[in-house]
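Notes follow once the structure below has been shown.
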């Protein structure tokens, strides 16, 4: 008898919460972005609730270049994900630690090394959310005047990932002998130089960090463009998706699993976890009231700028805020999210204000406002109808919104047998149900990539 | 009445210890380089003993490219310093956290951000040891075929530091208002873009991390070449020095303090902390015996390779190991250390074997083998005779060698009134006696640099 398939859950931590005005909420600390104790508490409660992983987004710069808008949000500053996850690794034992890092403005050696170090320190609980960077504000921090194009970013990303994986295979799992008596520390035959020479990178190796109990960090991805889906099908082990409707989520789910299969991979070894922005109330009315309370904190200057940013840089300042959405040009920004948003706005005839209010909390992600049973119903539906293997929980405000979810929705999921009571293992792979990556010498990896 | 001047102490942590054969020692764990609990213990005992800081070296690659030698040491792998220090920040409250990061293969935005994040997480306890990278093995991990020259490295380092300091001055200390009622999160007048356009870097900013309770991380340096000393005089707040004799240490100390003074800085705001490799015994004979026990663990292949590496890449394999040191060519390696070593070897007529045995433990640093009183005498002499403001303790093996120092030498220093019983403050600056860096807008910093 095989165990019943269960929902995987990520706790997406974003300082004071995912709602743009969360910092003004009575239950959220306004200075969460400088308080390590806030994050230590979040990590502990998420682990006590048996979440699979903590998840941190990232940006190597401040994407909002509208100072007036920026100064009315808490988003300009935060801890850096790799240092923060390293700190959280010490106060947790089982929960996964997934951090975002861009392939656009990093060097693969640094990324391979830092995630390997986190993986080893945490006993095999690290995950790397691989993204490409699309904002000009980030480019301007790395010697570039304009941003590189979408296809070029993905070309670099593919090679970047292959270098990182090669470095993670420097050492075989049993390479280290550590024989005090005869002085042999490792077996040279189980040590592999990468010697990568590609279009974007030349990296010789070896990596100076040993493999962890889970082999190497879990590879996570989030891109939903054609290039992003292709890369995900080929290499992702978990995907943080952003579809709003059941139909969109099902189509995305089926597409990724098919791509994985086409790459010769077991589709069950790609866990698809859409984001959910849950607002929980004892009654539906209470939940709506809680949501409106958050919405009321959004200054118009913030809402308009956020909309402009999510949609790819369009300036709405010349348009009436209660008028319809204007025609929008194609941009170099994140295409998939932009398209989803615009389609939704046109379908529902939203005004500019209605659209910014709609995205302010979940920023294009799936938003559910209701009772614990209603939210559990929605999760169960997506989980059982081929739309998700789990969810990345984007609490509206922190820690309160996460506590609400843990105290009311998770017990409901457990009653339905849909969520674990205890961790299955100690590594992130064991808990997500992902296989241990057998060691492959870099030469072998290269020949596979060339097939 | 001013308090008596006291010795500053750093605990230089290197996996199983500073002696190259430490991993074979009975008291050292052979797998220290994969054990976070080993480091948690080291951090706790160093803090309990009131050390000013933990200190971690770094290399973005494996410098030893002789596989046979490498495989007989534990040095090929270790945790990455920024992730490790972040983990250690959580289990400590007062001790400083100094990590090394190279300006040669990093981007200043990443470095400014990660150290600022560590500084904030730790409540103002971070320090950045600024180095340039001289090894070809590291260059080969970052798209380069050969290494860039010594003067070019320092030219880049100077500009790198100025960018990092500019980014650390993005936010004034009282920039954040966090007014929940009126929605103002920060004061735009207290926010400063860097907009740096230099020879090596174009970095716009802002930095997306707030200032810490100590303003920004302490700037530490180690270079002893002419370029290194100049940069240190201009910008270093602490220096990890490597002089072996009292005279050399006094000359270095005087030189740096004079350079700082010439740059218009208070010489007391540059703390000079030479490394010391202490082997402690209840009697001098016991100390010597302990040292010989460690020395006996050095395989010849390891000793020769280590010598070659420290001296700048010279291949000793054609020379009799018990013969004299051959003539050595000028190299692109770390000049100052090479020169000190060769001068010492010629002065004492050392054979190749004697030289590698001499440097194996402390690798060119000052080595003291004796009783607690003898070691305290030596420290006191250098401290009172203008050769040091403190010391970076390089325990031969860990944790044992650090425990020996803490249990026997530190009580002796305390009896003499030379070392603290309690921390003076909670930030690294407070404990080192360094001033709080008043915020200066990047424009102001630039005009100072141009003077």
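Can you confirm whether the range B:103-112 contains a residue that is crowded, with 24+ Cβ neighbours inside 10 Å and either within 17 Å of residue A:39 (Cβ to Cβ) or without any contact (Cβ under 8 Å) to a residue 24 or more places away in the chain (or both)? No, that holds for no residue. Taking the range B:200-229 as the range and being within 10 Å of chain A (Cβ to nearest Cβ), in contact with a strand residue (DSSP E or B) (Cβ under 7 Å, 6 or more places away or on another chain) and in contact (Cβ under 8 Å) with a residue 12 or more places away in the chain as the test, the residues that pass are B:203, B:206, B:210, B:211.
Here the range A:103-118 is the region considered, the condition is being part of a loop (DSSP other than H, G, I, E, B) and in contact with a helix residue (DSSP H, G or I) (Cβ under 7 Å, 6 or more places away or on another chain), and the residue that is farthest from the other protein chains (Cβ to nearest Cβ) is A:103.
Taken over the range A:171-181, the residue count meeting the criterion of being facing another protein chain (nearest Cβ under 9 Å) and crowded, with 21+ Cβ neighbours inside 10 Å is 2. Being surrounded by fewer than 16 Cβ atoms within 10 Å (Cβ to Cβ), at positive phi and in contact (Cβ under 8 Å) with a residue 24 or more places away in the chain is a property that holds for residue A:386.
I'm trying to understand the selection: among the residues of the range A:298-325, which are more than 22 Å from residue A:59 (Cβ to Cβ) and within 14 Å of another protein chain (Cβ to nearest Cβ)? Give the steps one after another, and end with the answer.
Residues of the range A:298-325 that are more than 22 Å from residue A:59 (Cβ to Cβ), as a first pass: A:300, A:317-325.
Hit for the range A:298-325 is A:300, nothing else.
Here residue B:95 meets the list (1) within 28 Å of residue B:268 (Cβ to Cβ); (2) surrounded by fewer than 19 Cβ atoms within 10 Å (Cβ to Cβ) almost entirely, failing just condition (2). Of all the residues in the range A:148-158, those that are outside any helix (DSSP H, G or I) and under 17 Å from residue A:201 (Cβ atoms) number 1. When residue A:267 is tested against (1) under 27 Å from the mean Cα position of the chain (by Cα); (2) farther than 24 Å from residue B:182 by Cα; (3) touching a residue at least 12 places away in the same chain (Cβ under 8 Å), only condition (3) is not met.
Within the range B:56-67, can one find any residue that is under 22 Å from residue A:168 (Cβ atoms) and without any contact (Cβ under 8 Å) to a residue 40 or more places away in the chain? Looking through the range B:56-67, at least one residue is under 22 Å from residue A:168 (Cβ atoms) and without any contact (Cβ under 8 Å) to a residue 40 or more places away in the chain.
Determine if the range A:70-83 includes at least one residue that is more than 9 Å from chain B (Cβ to nearest Cβ) and in contact with a helix residue (DSSP H, G or I) (Cβ under 8 Å, 6 or more places away or on another chain). Within the range A:70-83, none of the residues are more than 9 Å from chain B (Cβ to nearest Cβ) and in contact with a helix residue (DSSP H, G or I) (Cβ under 8 Å, 6 or more places away or on another chain). The set of residues in the range B:141-163 that are crowded, with 22+ Cβ neighbours inside 10 Å and within 14 Å of chain A (Cβ to nearest Cβ) comprises B:141, B:160, B:163. Screening the candidates B:298, B:342 for the property of being crowded, with 19+ Cβ neighbours inside 10 Å and in contact with a helix residue (DSSP H, G or I) (Cβ under 9 Å, 6 or more places away or on another chain) yields one hit, B:298. Only helices (runs of 4 or more DSSP H) whose full extent lies in the range A:362-417 are considered here, and the ones with at least 3 residues that are more than 20 Å from residue A:293 (Cα to Cα) are A:372-384, A:410-415.
Any residue in the range A:20-29 that is buried (at least 24 other Cβ atoms within 10 Å of the Cβ), within 11 Å of chain B (Cβ to nearest Cβ), under 18 Å from the mean Cα position of the chain (by Cα) and closer than 26 Å to residue B:124 by Cα? Checked the range A:20-29: no residue is buried (at least 24 other Cβ atoms within 10 Å of the Cβ), within 11 Å of chain B (Cβ to nearest Cβ), under 18 Å from the mean Cα position of the chain (by Cα) and closer than 26 Å to residue B:124 by Cα. Read through the list (1) without any contact (Cβ under 8 Å) to a residue 40 or more places away in the chain; (2) over 22 Å from residue A:59 (Cα atoms), then give the number of the only condition that residue B:197 fails. Checking residue B:197 against (1) without any contact (Cβ under 8 Å) to a residue 40 or more places away in the chain; (2) over 22 Å from residue A:59 (Cα atoms), the one that fails is (2). Within the range B:182-194, the set of residues being surrounded by fewer than 16 Cβ atoms within 10 Å (Cβ to Cβ), without any contact (Cβ under 8 Å) to a residue 12 or more places away in the chain, part of a loop (DSSP other than H, G, I, E, B) and facing chain A (nearest Cβ under 8 Å) comprises B:184 only.
Considering A:145, A:138, the condition of being out of contact with any helix residue (DSSP H, G or I) (no Cβ under 7 Å at 6 or more places or on another chain) and assigned to a helix (DSSP H, G or I) is satisfied by A:138 alone. Residue A:134 meets each of the listed conditions (1) over 26 Å from residue A:310 (Cβ atoms); (2) more than 7 Å from chain B (Cβ to nearest Cβ) apart from (1). Does residue B:124 satisfy the condition of being at positive phi, more than 9 Å from chain A (Cβ to nearest Cβ) and under 26 Å from the mean Cα position of the chain (by Cα)? It is true that residue B:124 is at positive phi, more than 9 Å from chain A (Cβ to nearest Cβ) and under 26 Å from the mean Cα position of the chain (by Cα). Here residue B:166 meets the list (1) modelled with pLDDT under 95; (2) buried (at least 18 other Cβ atoms within 10 Å of the Cβ); (3) in a helix (DSSP H, G or I) almost entirely, failing just condition (1). From A:305, A:309, grab the single residue that is out of contact with any helix residue (DSSP H, G or I) (no Cβ under 7 Å at 6 or more places or on another chain) and crowded, with 19+ Cβ neighbours inside 10 Å. It is A:309.
Scanning the range A:40-59 finds no residues that are crowded, with 24+ Cβ neighbours inside 10 Å, in contact with a helix residue (DSSP H, G or I) (Cβ under 9 Å, 6 or more places away or on another chain) and more than 14 Å from residue A:393 (Cα to Cα).
The values are calculated or read from the model by the stated rules, or taken from the named source; none is laboratory data. Predicted model, so just to flag it, every value in this text is computed and none were measured. FYI the Cβ positions are ideal-geometry reconstructions off the backbone, even for glycines, and counts take in every protein chain you see.
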